[in-house]
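Have a look at the structure below, then the notes.
The values are calculated or read from the model by the stated rules, or taken from the named source; none is laboratory data. What you are looking at is a predicted structure, and each value in this text was computed from that prediction instead of being measured. FYI the Cβ positions are ideal-geometry reconstructions off the backbone, even for glycines, and counts take in every protein chain you see. Accessible surface areas use protein heavy atoms only, side chains included; no ligands, DNA or RNA. Shrake-Rupley method; radii C 1.70, N 1.55, O 1.52, S 1.80 Å.
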Amino acid sequence: MAVTQDSFPHSTRAPARRTLLRAGLTGAAAAGLAAVASPASATPAAPAPRPRPTTPGQALRELARGNLRWRTYRERHPDETPAVRRALTSGQHPFAVILGCVDSRVPPELVFDQGLGDLLTVRSAGEVLDEAVLGSIAYGVLELSIPLVMVLGHQSCGAVGAAVEADGTGEPLPAHIRYLADRIAPAIDHTVEGAARVDATIDANVRLVRSQLAAEPDLAARVATGRLAVVGARYELTSQLVHRVD
């Protein structure tokens, strides 16, 4: 509640009381500002950041453990403490690149129960590749030495659904959505119909994007030496399970 002159009854001693109130409020404001300026002083020391996975296998196991916590409602929300936040001001060491869809139901940090500095996330509708996406992934692998790239598709992907529908009806799409559909089109599975076609194409699109990434010369060189793995996976909205797509 705001403190104003009208909040108090009029009195011949009002000036003195106002002086005391001003002094008291000024002291309280100063104390509040001091607490905001130095939150660490009121926060107990927190553990140092967790050790980073350094191999593709370690990274995959950490993601699997995190997804198990997520789908069993045992999330830890790691790496969010004041100590971790301070440590991250001097650099980052994420252990996986996740190329996922923009769908709001599939945020990688949540579905893998990871925190600040753990994942380098790149998102585009339908996991579509363009130069910006490729450059972002290459930055994670080449500059940050991340050992794992995961292409993460998901159940009921709207971008894939739009591409399949446009392929079947021939109806034009808005220009920028057309760009996405054109890049998903090579993955469309014409051996099945209806909802099954969309579902099959989601997996086929993950495989297509994974193979395109694995063929990039800079990434392929690291895959050949075992320093990097490029894998495909899919998130099920109904069960919250992430599983591999080979």
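Remarks
Each row is one residue, and each column tells you yes or no for (1) closer than 22 Å to GLY226 by Cα; (2) in a helix (DSSP H, G or I); (3) under 14 Å from the mean Cα position of the chain (by Cα).
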{"site": "ARG105", "(1), (2), (3)": "no, no, yes"}
{"site": "LEU110", "(1), (2), (3)": "no, yes, yes"}
{"site": "LEU116", "(1), (2), (3)": "no, no, yes"}
{"site": "GLY135", "(1), (2), (3)": "yes, yes, no"}
{"site": "SER145", "(1), (2), (3)": "yes, no, no"}
{"site": "LEU152", "(1), (2), (3)": "yes, no, yes"}
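- Filtering GLY153, GLY158, GLY126 for residues that are closer than 17 Å to ASP103 by Cβ, out of contact with any strand residue (DSSP E or B) (no Cβ under 6 Å at 6 or more places or on another chain), open to solvent by less than 10 Å² (accessible area, probe 1.4 Å) and not β-branched (Val, Ile, Thr) leaves a single hit, GLY126.
- Checked across region 60-68, the condition of being over 15 Å from the mean Cα position of the chain (by Cα) and of a type in the set (Lys, Arg) holds for at least one residue.
- No other residue among ARG71, ARG50 is more than 28 Å from PRO217 (Cβ to Cβ), at pLDDT below 95, charged (D, E, K, R) and surrounded by 15 or more Cβ atoms within 10 Å (Cβ to Cβ) apart from ARG50.
- Test: residue in region 189-201 that is hydroxyl-bearing (Ser, Thr, Tyr) and assigned to a helix (DSSP H, G or I): yes
- Long-range neighbours under 6 Å by Cβ, at least six apart or interchain, first residue without any contact (Cβ under 8 Å) to a residue 60 or more places away in the chain within region 113-138, second hydroxyl-bearing (Ser, Thr, Tyr) and assigned to a loop (DSSP other than H, G, I, E, B): VAL133/SER124
- Test: residue in region 165-174 that is within 30 Å of ALA59 (Cα to Cα) and open to solvent by less than 50 Å² (accessible area, probe 1.4 Å): no
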